[in-house]
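Before any comments, here is the structure.
The values are calculated or read from the model by the stated rules, or taken from the named source; none is laboratory data. Just so it is clear, the structure is predicted and the values come from calculations on it, not from any experiment. Cβ placement follows ideal geometry from the backbone for every residue including glycine, while neighbour counts extend to all protein chains displayed. The protein model used for the area step is the full one, side chains on, heavy atoms only, and it has no ligands, DNA or RNA in it. Shrake-Rupley method; radii C 1.70, N 1.55, O 1.52, S 1.80 Å.
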Amino acid sequence: AGVIMVGDSRCVQMQQSVGENGCTWIAESSKGYKWLNETAVAKIDACVGNGSKILINLGVNDPGHLKDYLELVNAKAAEWVEKGATVYYASVNPVWDNPYVTEEQVQYFNSQMQAGLSEDVHWIDSHSYLSDVGYKLVDGLHFNKETYQNLYAYYMSCL
């Protein structure tokens with residue numbers, strides 16, 4: 001049981017900004033669908049139980065895998081809910097100029113994910129939250145410590 005945070009470098013940096021805080025962090029830099037499918041799902045399966053809260057925040061590194069994310073997350077969420085877990089998918093958060101992904105790609109990914117996730121998955125619109133309260137990007141993709149701390153507090157308030 002407990003909170004299981006699943007994500008890419010943004011999640012790694014969030015953990016560095018807030019500490020463990022009793023969460024299980026399953027996160028690696030530069031990862032996306034392939035890593036979720038081949039590595040992270042097994043780690044989630046190994047620690048999920050009654051009362052677990054799983055928050056997935058992936059997609060910024062590979063928004064082209066939209067359909068793959070939907071299929072995998074919907075299938076696994078059904079299993080995790082059977083085990084007594086609650087599953088959340090947090091929107092990909094804002095980006096600025098960077099060589100990897102555009103804000104338009106992020107917004108399209110988010111709209112399609114929100115529309116395509118099953119009723120087993122709760123959507124967290126952290127993109128709108130950050131857009132409303134403000135945020136600081138340090139390199140067009142990653143946030144400063146204060147933004148990660150605010151985002152973490154927002155995630156916890158949604159669980």
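Points worth noting:
- Going through (1) under 23 Å from Phe143 (Cβ atoms); (2) surrounded by 15 or more Cβ atoms within 10 Å (Cβ to Cβ); (3) out of contact with any Asp or Glu (no Cβ under 8 Å at 6 or more places or on another chain) one by one, Tyr100 falls short only on (2).
- Any hit, region 51-66, residues being over 20 Å from His142 (Cβ atoms) and free of Cβ contacts under 8 Å to residues at least 24 places away in the same chain: yes
- Verdict on Val106 being open to solvent by 10 Å² or more (accessible area, probe 1.4 Å) and either in contact (Cβ under 8 Å) with a residue 24 or more places away in the chain or among the β-branched types (Val, Ile, Thr) (or both): no
- Summed over region 71-84, the residues that are assigned to a helix (DSSP H, G or I) and either of a type in the set (Phe, Trp, Tyr) or open to solvent by less than 30 Å² (accessible area, probe 1.4 Å) (or both) give a count of 5.
- Criterion applied to Ser91, Ser52 was being open to solvent by less than 20 Å² (accessible area, probe 1.4 Å), over 13 Å from the mean Cα position of the chain (by Cα) and within 21 Å of Leu151 (Cβ to Cβ), and the one residue passing it is Ser52.
- Scoring Ser30 on the criteria (1) in a loop (DSSP other than H, G, I, E, B); (2) without any contact (Cβ under 8 Å) to a residue 24 or more places away in the chain leaves a single failure, condition (2).
- Residue selected from region 93-124 under the condition in a loop (DSSP other than H, G, I, E, B) and out of contact with any strand residue (DSSP E or B) (no Cβ under 8 Å at 6 or more places or on another chain), by the criterion nearest to Asn74 (Cα to Cα): Ser118
- From the list Tyr155, Tyr88, the one residue that fits, being part of a helix (DSSP H, G or I), in contact with a helix residue (DSSP H, G or I) (Cβ under 8 Å, 6 or more places away or on another chain) and at pLDDT 95 or above, is Tyr155.
- Selected residue [among the aliphatic types (A, V, I, L, M), closer than 22 Å to Cys158 by Cα and open to solvent by 60 Å² or more (accessible area, probe 1.4 Å)] from Val121, Val133, Val60: Val133
- Beta carbons closer than 6 Å, at least 6 apart along the sequence or on distinct chains, pair a first residue in region 1-17 that is part of a helix (DSSP H, G or I) with a second that is open to solvent by 10 Å² or more (accessible area, probe 1.4 Å) and among the hydroxyl-bearing types (Ser, Thr, Tyr) for Ser9/Ser29; Val12/Ser29; Met14/Tyr152.
- Within the set Trp25, Trp96, the sole residue that is of a type in the set (Phe, Trp, Tyr) and within 19 Å of Cys158 (Cβ to Cβ) turns out to be Trp25.
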